[in-house]
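Read the figures in this text as sums done on the coordinates, not as results from a lab. Every value quoted in this text rests on a predicted model; they were computed, and no experiment measured them. With ideal geometry, Cβ positions are generated from the backbone for all residues, glycine too; neighbour counts draw on all protein chains shown.
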Amino acid sequence: MLPAPLRIAIALLFTLWLSLSAAADPTQTGRLPPGVSVPVPLPLGISVIGGAPSDDRKIVGIAFAQQGETRVCSGLYVSARRILTAAHCTCGATNYRVTNENFDKGKFRIAAFVSRFGNYNCNDSRYIPRGDDLALLEIVQPLWSTEIATACPQYSLLPAIAFAAHWFPTPPENISVAGYGFSGSAAQDLGSRQEAVVSLDSVLCATGQARGLSCLPFAEFIAGATPVRGIARDTCGGDSGGPAFFRARGNFIPFGVISRALPVNHRFPDKACGSGGVYTHLGRSDVLAWLRREGVPDGEPNCGAADVTE
């Protein structure tokens, strides 16, 4: 078997070789196709490429107004009143509506902007995130933990996020990703909660090839650049801000947040996806400190169930 660094390099070079047209703007992954607006009742279809419907309510969808358009991003329900998403989804944005139901149910909570992590620059349209593409929203009421009940007040994923650091030394080859984005240009492909297992290509972005793809070492990682069992599996437009995570012994372990597409051409140009993406690491000490400072408590990730364990 080839050494892991060589396999990563080959996968990334293969992605570049597949480029057939001009690269999509990697910061515009939340932009919807012309004529698509939300939230409205929609016939729902497939979203995440190679994915399937998810029943995990920690994954949320966010509709908002930005630059005169209605757009969609995704997020992580990180505590009873906090939603973690990508910072670029909050630049110039207003009228946030959040749900962990499918959009066609119309069960949205009003949300407000709280904070962006680090020095994220919303004022430069050419700014490419460098490990800082994170933001928090506050919802006025908790989201649903089941069909009929909302999350308990002590609910928080902070212990699970802190536990994610245990995966750094020996990460698995694949990771789960999820969001509410679309896989085509039709309205029916938007607004359902989807997840997929994708390749984890460069967990620390410490190689020259990864750094050449604008991935900040030890702050970001690359996933989805290699087909899994021969199938392209990736996040798409509208999935920005959604979580990358592991499931370990029934526990949901957030590992990162979807930031942007790789700065290469895509296998499916009309879908702005299919060639992998860059994700922001969550288990870093500076991210944990920011989450605590901005109101995410050290609560219970399973709302009273067992704590996160190995």
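Comparing Cα centroids, the stretch 247-264 and the stretch 51-78 end up 15 angstrom apart. When the stretch 67-146 is described by a simple charge dipole with +1 on each Lys and Arg Cβ and -1 on each Asp and Glu Cβ, the residue from V78, C89, G118 located farthest towards its positive end is V78.
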